[in-house]
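The values are calculated or read from the model by the stated rules, or taken from the named source; none is laboratory data. Everything numeric here is computed off the predicted structure, so don't read it as measured data. Quick reminder, even Gly has a Cβ in these numbers, built from the backbone with ideal geometry, and neighbours come from all protein chains shown. Side chains included, ligands, DNA and RNA excluded: accessible areas come from the protein's heavy atoms. Shrake-Rupley method; radii C 1.70, N 1.55, O 1.52, S 1.80 Å.
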Amino acid sequence: MNIKNILGNSMLVLATVACHAQSTVAKPLQPVVPGKAAAKSQQPDSKIGAPVSVELVSSGATSKNVTLPVQLQFKTDQPNTPLQVEYRGNDGLSLVTLGTATLISNQQGIVTDTPNVRAAADGVYDLNVFVTVGERTRAVSIPVTVGNAKPVKKAAGKAMRTPQGEDLTIMPAQEKSH
């Protein structure tokens, strides 16, 4: 990742956290102990991210300037629920299809969507997905590899919890070697 992508991804994380910040002074982040149940947040439920997960189902191999379908699966514990979805590519990744969609989960709380993207150069890009259920929004970055670029290895992060009760992973910065 180059410094521009690192800063862009960092800004996405910071913007997501800032959206959920209280107007009062925040308490320091508390480490999450694996296997230990987290204390209930005193924040109202409306301040926590949307109760939905986003997973990459399939993404074919592609080369630069070729349209790539990215099939995503959205899961929620609420059947027949409307999901407002917004897609944004980071620098170099453009959307070929509409940037927004309204999806309705099925009886199992699952729905899929396949946005199409295109990149002008080989590389690893992020397709940023913002999902809103009611008044709550969740942001997820889906890595998209174009051409012969090597996939980015996930670095070990430190699990933390915000004062509002949201899980947060602090990731170390990585330099891109040429």
Counting only residues that are surrounded by fewer than 14 Cβ atoms within 10 Å (Cβ to Cβ) and charged (D, E, K, R), how many does the stretch 65-86 have?
1
Please specify each residue of the stretch 110-128 satisfying the condition of being of a type outside the set (A, V, I, L, M, F, W, C) and open to solvent by less than 50 Å² (accessible area, probe 1.4 Å).
D113, P115, N116, G123, Y125, D126, N128
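Can you find, within the stretch 102-148, the residue that is modelled with the lowest pLDDT among those that are closer than 14 Å to V66 by Cβ and part of a loop (DSSP other than H, G, I, E, B)?
N148
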Would you check which residues across the stretch 87-101 are open to solvent by less than 60 Å² (accessible area, probe 1.4 Å) and in a loop (DSSP other than H, G, I, E, B) and list them?
N90, G92, T97, G99
Subset of the stretch 83-137, residues hydroxyl-bearing (S, T, Y) and within 18 Å of the chain's Cα centre (by Cα), comes to Y87, S94, T100, T102, T112, T114, Y125, T132, T137
